[in-house]
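Written below as structure tokens is the structure these notes are about.
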Amino acid sequence: MKERFMAKRSLLVGFGGFLPDRVVSNAELAERLETSDEWIRTRTGITRRHLVGPNDTAASMGAEAARRALEYAKLTAEDIDAVFVATATPDQAFPATAVRIQAALGMKQGFGFDIAAACSGFIFALSTADAFIRSGQIRNALVIGSEVYSRIMDWEDRATCVLFGDGAGAVVLSGSDNPDDRGILSTHLHSDGTAGDLLYVDGAVGQPDKSGHLKMSGRDVFRHAVGKLSSAVDEALEDEGLSYADVDWLVPHQANIRIIEGVAKKLNLPSERVVITVDRHANTSAASVPLALDEAVRDGRIQKGDLVLMEALGGGLTWGSALVRI
Ligand code: ACO
């Protein structure tokens, strides 16, 4: 019988990101919508976003982010046992985007599947991969968030279409039996379907009308966000016997600068310790946390040994946190 490698922890060993070439400023949106750079910037912190061209998809962008994460980890696709993809904008109903990415990477071994938790998807996927690793089923995993929200926008609806962007981010997780305190310390996941109508897409391939556009009660989502994210942050720290002062970096979901600042204030974290990309990427949903993580690791802000707190909230409602020592 093959003996299972029982990992104590899942280490984050690779980071990658991909943003499509086309950059659209607030001013460009204001040319065809009744909006302004000032309104968007002051309400959200967003100044621009990347949008896909005709050939980019969740699978193509996710595969590129994965290649970069593998390169960072000095691993190849052959080393990977499983691919977990968080996306609400898959290329097809099936095969899963994860399986398309496996094929793009040349993987024939292992398995892959998608996880649908909207903007919290990356935290849900990270938690799932971590559980597979610590149960001994797999050793190395790719965890990817990849989204093309520009294709589910109602481009006539100024209240939503200015908020989102496209992109993909990825991490490589690797099981370790080293007893030091690096790796994923804990994840906490929540969902509450009774708030499902606050943020949803009004269509899918299982519906008579297949087209779907994102609908959001922005104010209500905002109201839920700071409270739910703050409690997700508290439970993560309490579980590990840690305090706000122990956190080196907050890597939040990038929906709105005011939500991010609200959580950072509660943590008593100065803004220099919060990774912000919403100004340049807008809300890339499940891709936002891994994109922010990739940026801050590669530019040297986040260092080995730093305690990083990730949090996200999205349609579902879904929300959660992950506490990681890099
Ligand atoms: N430009 C100009 N005016 C606008 C725009 C725009 N782009 N969009 C809306 N307005 C107008 C509205 O029509 C309204 O006008 P009225 O008062 O004449 O009716 C006014 O601005 C205020 O609108 P509100 O929606 O009340 O604006 P608010 O201050 O709440 O800001 C926002 C809106 C930015 C969406 C905010 O509510 C928010 O960030 N919510 C949270 C969104 C979020 O975090 N989503 C995360 C999850 S995303 C996911 O899971 C997929």
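The values are calculated or read from the model by the stated rules, or taken from the named source; none is laboratory data. Model, not experiment: these values are computed from the prediction. Reconstructed Cβ throughout: ideal geometry from the backbone, glycine too, with neighbour counts over all protein chains shown. Calculation scope for accessible area: heavy atoms of the full protein, side chains included, ligands and nucleic acids excluded. Shrake-Rupley method; radii C 1.70, N 1.55, O 1.52, S 1.80 Å.
Brief remarks follow.
- About the Cα centre, charge dipole magnitude for the range 183-325 (Lys/Arg +1, Asp/Glu -1 at Cβ), debye: 360
- Given charges at beta-carbon only (K, R positive; D, E negative), |dipole| of the chain in Debye: 340
- Distance between the pseudo-spin-label points of F5 and D177 (7 Å out from Cα toward the beta carbon): 1.0 nm.
- q = 0.14 Å⁻¹: log10 I(q)/I(0) that the Debye formula gives for the range 9-176, counting C-alpha atoms only: -0.71
- The chain, relative contact order in percent, only Cα pairs under 8 angstrom and at least six apart counted: 25
- Our estimate of slack between T42 and A204, defined as 0.36 nm per intervening residue step minus the Cα-Cα distance, is 55.0 nm.
- Beta bridges per DSSP, both residues in the range 183-325: antiparallel share near 80 percent.
- Two numbers describe the Cα atoms of the chain: Rg and Dmax, which are 18.6, 66 Å.
- Carbon + sulfur, % of accessible area of the range 257-296 - ligands and nucleic acids excluded, 1.4 Å: 47
- Debye intensity ratio I(q)/I(0), log10, the range 181-326, q values 0.09, 0.13, 0.20 Å⁻¹ (C-alpha model): -0.29, -0.58, -1.23
- Per residue, the range 1-155 exposes 46 Å² of solvent-accessible protein surface, assessed with a 1.4 angstrom probe and all protein chains in place.
- Extension gain for F113 to S231 (0.36 nm times residue separation, less C-alpha to C-alpha distance): 39.6 nm.
- Helix runs (DSSP H) in the chain reaching 30 Å along axis by Cα, Kyte-Doolittle at least -0.5: 218-239
- One chain, two ends: L33 and S217. Fully extended at 0.36 nm per residue, the span grows by 64.3 nm beyond their Cα-Cα distance.
- Heavy-atom SASA rank of T194, T42, T318 (probe 1.4 Å, accessible area, largest first): T194, T42, T318
- Think of the range 1-157 as a dipole: +1 on every Lys or Arg Cβ, -1 on every Asp or Glu Cβ, centred on the Cα centre; then among N140, L29, L70, N140 lies furthest on the positive end.
- Peptides 167-176, 77-86, 95-104 ranked from most to least packed give 167-176, 77-86, 95-104, packing being the mean of other C-beta atoms within 10 angstrom over each peptide's residues.
- By average C-beta atoms within 10 angstrom, highest first, the peptides 151-164, 283-296: 283-296, 151-164
- Isotropically averaged projected area of the range 15-85, using the convex hull of Cα atoms (one quarter of hull area), nm²: 6.5
- Of all DSSP beta bridges confined to the chain, the antiparallel ones make up roughly 70%.
- Helix-only arithmetic for the chain: the sum of -39500 (n - 2.57) across DSSP H runs with n ≥ 4, divided by the residue total, places the mean residue ellipticity at 222 nm at -9500 deg cm²/dmol.
- Projecting the Cα atoms of A287, N268, P208 onto the dipole axis of the range 197-315, where Lys and Arg carry +1 and Asp and Glu carry -1 at the beta carbon, places P208 farthest toward the positive end.
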